[in-house]
Amino acid sequence: MADPTLSEEVTSDEDLMSGMIPVGVGAGSVVRIPIPGTNGLAVALDTRDPRFRGRSTSTLFFQDVTGKRVLRLDYGPNPRSGTIDYHWNQRGTHDNFRISDHAPAGRGGAALYQGARAYRYAGRVFLIAGVAIDAWSIVVADRPIRRTVQVVSGWTGAWLGCRGVGQLGAAAGTFVEPGLGTGVGALGGCIVGGIGGYALGEAVSGEVYDWAADTFFTPLPETSLPAAAGGAQP
């Protein structure tokens, strides 16, 4: 006969694997991270301009919701330097970052370009892994409804944390070095905020669920209504 205590140890909610790390790390590959003080610009790894979707040579974009107002990190022929290099292309963002069109990005820009390209794909792999881990944790949990609440809250927290901490990082990075600092600060802050937001959402929702499940409400005793003044007594 199988030992029931062993089964409880295996399926206990406290021992379940969590998608916290892969979800928190991967969130920045799909979340738009606002850049404070730029009138609607946000950091993203894909263009929002439908004219260039699927064929842009850039890997990092600071853009509005239409993608028309944008500063993007690109690699290719640069008419300003006359060479093929890493450079910034901008339209309508000079007042925000003080980076002119076709300005060379240097070694730092090359590293950020390659890092953003790798993260765009790796981050989505992390998200898929997070989905698989969290789905499995629901299947094997001894309280699947509780675990489902934790997973939904964790993902919500990861998204909010990525945006919230990411925009703080974007603001700090822009202050240090507009462009390079903006991208590094936004993506780094998003990862930290994504992991922290997931952990917080998961923990708080579990505590709230347990509190609600363990709370019993005692109904008030029934009482007769007082007779109306001057009315007949029953």
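For the chain, the fraction of 1.4 Å probe accessible surface lying on carbon and sulfur atoms is 65 percent. Work from the charge dipole of the chain (Cβ charges, +1 for Lys and Arg, -1 for Asp and Glu, about the Cα centre) and give the residue of Val23, Ser56, Val204 farthest towards its positive end. Of Val23, Ser56, Val204, it is Ser56.
Pop the C-beta distance of Asn39 and Ile145 into the FRET formula with R0 = 45 Å and round what comes out to the nearest 0.05. The computed FRET efficiency comes out at 0.55. Once both labels are modelled 7 Å past Cα along the beta-carbon direction, what's the His94-Ile138 spacing in nm? Placing both labels 7 Å along Cα→Cβ, they lie 5.1 nm apart. Helical content alone sets the calculated 222 nm signal of the chain at -18000 deg cm²/dmol, taking -39,500 (n - 2.57) per DSSP H segment of four or more residues and averaging over every residue. The heavy atoms of Arg80 present about 140 square angstrom of accessible area, all protein chains included, probe 1.4 Å. In the list (i) 64; (ii) 54; (iii) 61, the label attached to percent of Cα pairs over 21 Å apart as derived from the coordinates here is (i). Backbone N atoms of the stretch 46-69 closer than 16 Å to the 7 Å Cα→Cβ label point of Ile84 belong to residues 57-58.
Ligands, DNA and RNA aside, Leu112 has an accessible area near 20 Å² when probed at 1.4 Å. Residue ranking by accessible heavy-atom surface, 1.4 Å probe, largest first, among His94, His102 comes out as His94, His102. Per residue, the stretch 30-79 exposes 45 Å² of accessible surface when a 1.4 Å probe is rolled over the protein heavy atoms with every protein chain present. Accessible area per residue (1.4 Å probe, heavy atoms of protein chains only) ranks Val204, Val151, Val125, Val176 as Val176, Val125, Val204, Val151, with the largest value leading. Let me know the charge dipole size of the chain about its Cα centre in debye, to the nearest 20, where only the beta-carbon of Lys, Arg (+1) and Asp, Glu (-1) is charged. Value, rounded to 20: 1860 debye. Electrostatic bookkeeping for Arg124 treats Lys and Arg as +1 and Asp and Glu as -1; over the other residues with beta carbon under 13 Å from its beta carbon, the sum is +1.
The values are calculated or read from the model by the stated rules, or taken from the named source; none is laboratory data. As the structure is a prediction and not an experimental result, all values here were calculated from the model. A quick note on method: Cβ atoms are made from the backbone with ideal geometry, for glycine too, and the neighbour counts reach across all protein chains shown. Accessible surface areas use protein heavy atoms only, side chains included; no ligands, DNA or RNA. Shrake-Rupley method; radii C 1.70, N 1.55, O 1.52, S 1.80 Å.
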